[in-house]
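The block underneath contains the structure these notes are about, expressed in structure tokens.
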Amino acid sequence: MSNLEPESELQEKVVAAPEMGDLLVAYLNQLGIEYVFGVPGGAIEPLYNALARSERQGGVRAVVARHETGAAFMADGYARNTGKLGVCCSTTGPGATNMITGVASAYENNVPMLVITAQTAISTFGKGAIQDSSCTGINTVGLYQHCTRYNTLISHPAQFEHKLSAAIMSAMGSPAGPAHISVPRDVMALQASESTAPATRLNDAFG
């Protein structure tokens with residue numbers, strides 16, 4: 001008789017360490033948000049990976065649009081119909097610039113929206129990287145300055161949770177409107193603490 005245990009019991013369950021993207025998704029789940037609208041791309045991939053993990057657990061999931069402008073308008077419609085925060089995202093470079101029209105519309109109409117754009121890795125800033133959107137490239141943060149209630153680059157993991165909370169509160173405040181965070185790929189993919197439980201309970205204010 002074989003003493004071997006079933007293969008399923010012998011295999012180790014590999015659990016990915018939580019990343020900053022998982023922390024962002026945890027805030028969205030705290031607020032009861034069901035969808036993030038956007039178009040995938042290389043620099044925004046860590047967020048899409050976190051959304052895929054969330055979907056498997058029954059949480060917020062990604063909805064892929066055909067164009068980033070459409071993603072922003074989808075987030076706008078979601079916010080208007082549910083009363084919740086609309087969320088849209090794009091990769092760096094043309095993905096971020098494509099989304100501006102929909103974001104500007106939300107700004108004009110006071111629609112609460114969290115706008116997430118990616119950046120190339122911080123180590124590539126100013127070095128002529130493809131789709132560099134830092135202040136030495138096309139300057140995504142500068143472009144969004146005039147159509148957002150809050151607008152920032154998250155350049156260090158220690159800033160991540162504070163700036164994310166500030167963006168959400170600004171978007172849902174009075175007047176409501178879009179809040180933009182631009183996150184480098186390497187920052188979004190950094191390992192978070194063992195727990196991704198949000199330090200700020202935003203659902204107490206907006207739930």
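Hey, could you check region 64-89 for residues that are of a type in the set (D, E, K, R) and touching a Ser or Thr at 6+ places or on another chain (Cβ under 9 Å) and say which is nearest to A167 (Cα to Cα)? Result: D76. Scanning region 32-71 for residues that are surrounded by 20 or more Cβ atoms within 10 Å (Cβ to Cβ) and more than 23 Å from T101 (Cβ to Cβ) yields P46, A50, L51, S54, V60. All conditions but one from (1) β-branched (V, I, T); (2) part of a strand (DSSP E or B); (3) over 17 Å from P46 (Cβ atoms) apply to T117; the one that does not is (3). Go through the residues of region 72-94 one by one and say whether even a single one is assigned to a helix (DSSP H, G or I), buried (at least 17 other Cβ atoms within 10 Å of the Cβ) and in contact with an Asp or Glu (Cβ under 9 Å, 6 or more places away or on another chain). Scanning region 72-94 turns up at least one residue that is assigned to a helix (DSSP H, G or I), buried (at least 17 other Cβ atoms within 10 Å of the Cβ) and in contact with an Asp or Glu (Cβ under 9 Å, 6 or more places away or on another chain). Taking residues in region 145-172 that are touching a residue at least 24 places away in the same chain (Cβ under 8 Å) and within 19 Å of N110 (Cα to Cα), and partners anywhere that are among the polar types (S, T, N, Q) and part of a helix (DSSP H, G or I), the pairs with Cβ atoms closer than 7 Å and at least 6 places apart or on different chains are R149/S170; Y150/S170; N151/Q145.
Every read-out reported here was derived from the displayed coordinates using simple, explicitly stated rules and does not represent laboratory data. Treat the numbers as computed from the prediction; the structure is a model and nothing was measured. Glycine also receives a Cβ, built like all others from the backbone with ideal geometry; neighbour counts cover every protein chain displayed.
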